[in-house]
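Take a look at the structure set out below.
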Amino acid sequence: MSVIEVKNLSKTFKSKVKGKGLKGSIKSIFKPKYKTIKAVNKVSFNVEKGEMVAFIGPNGAGKSTTIKMLTGILYPDNGDIKILGLDPRKNRKKLAYEIGTVFGQKEQLWTHLTPYDNFKFFGAIYDMKDYEIEKKIEELKALFELDEFINTPVKSLSLGQRIRCEIACSLINDPKILFLDEPTIGLDPVVKENIRSFIKRMNKECHTTVFLTSHDVGDIEKLCKRVIIINNGTVVLDDTMENLKYHYLNKKIIDAKMKEKINLDDEKGIKILKDKGYNLKIEVDLKEKNISDAIKLLDPDKIIDINISNTPLEEIISDIYKKDK
Amino acid sequence: MKKYLFIFKTEFINSLQYVKSFIVGSLSLILIIYIYLNLWNFLYSDPESLINGYSYTQMIWYILFTETLWSCIKGRKIVRDISTDVKNGNIAYQMNKPYNYINYILSKTFADFTFKLLILLPAAIVLGHILIGNIPNFNLLGCLLAIITGILGTMVNVLICISIGLLSFFMEDAAPIYWIYSKVILVIGTLFPIEFMPEIIQPVLKYSPIFAMNYGPAKLFVDFNYDFLIKVLISQVIYLIVFYIITNLVYKKGVKNINVNGG
């Protein structure tokens, strides 16, 4: 069952164009000029119940605009959106009871209050009864391990603890879909890992559908089974993570430490990425050359140490972005 | 309604954190009243005389009442906060919560107002007694009813401030509009009752929001009568409805134009 249905979604923004210098500024007062920016252009996709989908793209690709339209914050120019069967344009308030949102760069918690008081506050906002709020707080406390700081004012919490509380708070109303916009932004690797495990656990235990935007490949790789890539306002890839890796991981990186210098140039299937005499880094295109032939080129007798790895997912995604340009 | 009471309660708890700094900041009220006390003392060469129907004691209590209400509500902050919310897109993040933004701001503002009024009003009454003696023709019920109209009048003021703040959806800076508005309110109705204005504009002013906001409640405080109370209450109900509708319309129109990209 699709919980998010998006069809031909489009949104344009009008932005003022100002001429150079004083003359341009004065002219723009009397004769303002505008340019139209197509932020989202005929985007279509469906998300099934319980899925964890990564919605990614470079800066300015249109992902935040899309997420804002899905949550009823922005009005689309064209296209249809159905979130749990509701149109966010017409049923924003009704929809608000059914979804949760976390915008990593925006705080929703009241910082002078404790997480407990915040949960009580948001529970009341969602018209929950006192006993329901208390029950939910107990669940969230266990799920996100909040026991230690649930009665500490939010302003005294670390960033990682605060994000944990932000996510927990967005679950107070038992949302069927959770929209996470850069939830791990600004966090250190350990805390990121921690947050990811909480999101994973939440998805497993509560069956909440997660729609995630992030620039962090770790978030995408570790959380999502499906990835939608958007660039210049259009969807350029919508596939499972497995397929993405299978189709795009046809390159291997060989890092080799040599006994003596060898002369190697770019050739079909081989690209020299780094050549520092005794240290070599080459990229092998497996469609053109198999890995054993590539190793033979290095002369195995002269190798002291070797490491063969896949192309990092970050580079794959970056390649997809570039290809689309 | 329950959720707005909860917002009120939460903001009230928040305000309690700043009780000390508010008390220190409010000491300026003493200075302001002292200045007006001396100014009016000079104008009333004979303390028993009446100027435009107000005795010296009534005049000082009038200013004490309006200045107290004025000090309890920070219109500039309301306008600035809403403008900032609109400009940096924060308002968008409030939209996907199941509450009405206008009611949310009203609840928050009134929690802060209540907290300040609970401190300032008793302090102002004590100050008034020390400086000029009893409230003229003191009547406890009349005083309480005047305070209630003062609260309703402040609600009208807050709704106007919210509307001005929401103009940021359509213009670069709403602050100059608030500046003009605040100066008009300060001079007409807060520092000077309507009777001190030129006769030609007095009938207009008596039908304006100023009547509902500050003049009406303050006049009731110093010269209570039930006929006037009814007039004040009627004008307050009308202006509350009118400005509530206007504020919601401005908001609805504004959010359709909202332009939050990036992130």
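Observations, loosely collected:
- Acute angle (nearest 10 degrees) that the helix B:75-87 long axis makes with the longest principal axis of chain B, alpha-carbon atoms: 10
- Counted by Cβ distance under 14 Å from A:Asp181, the other residues give a net charge of -2, where Lys and Arg count +1 and Asp and Glu count -1.
- Residue-span extension gain [A:Cys206 to A:Asp87] - 0.36 nm each, minus C-alpha spacing: 40.4 nm
- Interface A:B - total buried accessible surface [probe 1.4 Å, Å², rounded to 100]: 2800
- In the distance distribution for the range B:116-258, Cα-Cα pairs more than 27 Å apart total 29 percent.
- Among the listed pairs A:Lys14/A:Lys106; A:Lys35/B:Lys253; B:Lys116/B:Lys252, those beyond 27 Å (Cα-Cα): B:Lys116/B:Lys252
- Residues whose placed amide H lies under 5 Å from that of A:Asp299, excluding near-sequence neighbours: none
- Fluctuation leader among A:Tyr246, A:Tyr97, A:Tyr116 - chain A, Gaussian network, Cα springs under 10 angstrom: A:Tyr246
- Value of [θ]222 nm, deg cm²/dmol, for chain A, DSSP H segments ≥ 4, -39500 (n - 2.57) each, nearest 500: -10500 deg cm²/dmol
- Considering only alpha-carbon pairs that sit under 8 angstrom and 6 or more positions apart, the relative contact order computed for the range B:2-256 is 26 percent.
- Burial of 30 Å² or greater, the range A:118-138 residues [accessible area, probe 1.4 Å, versus chain by itself]: A:Phe121, A:Ala124, A:Ile125, A:Tyr126
- Separation of alpha-carbon centers, the range A:32-82 and the range A:179-212, rounded to whole Å: 21
- Along the axis of the charge dipole computed for the protein assembly as shown (Cβ charges of +1 for Lys and Arg, -1 for Asp and Glu, origin at the Cα centre), the listed residues A:Asn151, B:Ile185, A:Ser318 are led at the positive end by A:Ser318.
- Overall dimensions of the range A:250-324 by Cα: Rg and Dmax, Å: 12.8, 42
- Residue-level accessible surface for A:Lys276, protein heavy atoms, 1.4 Å, Å²: 140
- Kirkwood Rh (inverse of mean 1/r, distinct Cα pairs), the protein assembly as shown, angstrom: 28.5
- Normalised by the number of residues in chain A, the average gap of Cα pairs under 8 Å and 6 or more apart makes the relative contact order 18 percent.
- With helices as the sole contributors, chain B gives -24500 deg cm²/dmol at 222 nm; each DSSP H run of n ≥ 4 counts as -39500 (n - 2.57), and the sum is divided by every residue.
- Computed E for A:Lys94/A:Lys225 - FRET, C-beta separation, R0 30 angstrom, nearest 0.05: 0.55
- Dipole magnitude of the protein assembly as shown about its Cα centre (Cβ charges: Lys, Arg +1; Asp, Glu -1), debye to nearest 20: 1760
- With every protein chain in place, the range A:1-103: carbon and sulfur % of accessible area (1.4 Å): 52
- Among the listed pairs A:Lys192/A:Lys257; A:Lys155/B:Lys108; A:Lys63/B:Lys77; B:Lys3/B:Lys108, those whose Cα-Cα separation exceeds 22 Å are A:Lys192/A:Lys257; A:Lys63/B:Lys77.
- Here the calculated FRET efficiency for A:Ser44 and A:Thr12, from their Cβ-Cβ distance with R0 = 22 Å, stands at 0.80, rounded to the nearest 0.05.
The values are calculated or read from the model by the stated rules, or taken from the named source; none is laboratory data. What you see is a predicted model, and the numbers here were worked out from it, not measured in a lab. Heads up, the Cβs are rebuilt from the backbone with ideal geometry, glycines too, and the neighbour counts pull from every protein chain shown. What goes into the accessible areas is simple: the full protein's heavy atoms, side chains included, and nothing from ligands, DNA or RNA. Shrake-Rupley method; radii C 1.70, N 1.55, O 1.52, S 1.80 Å.
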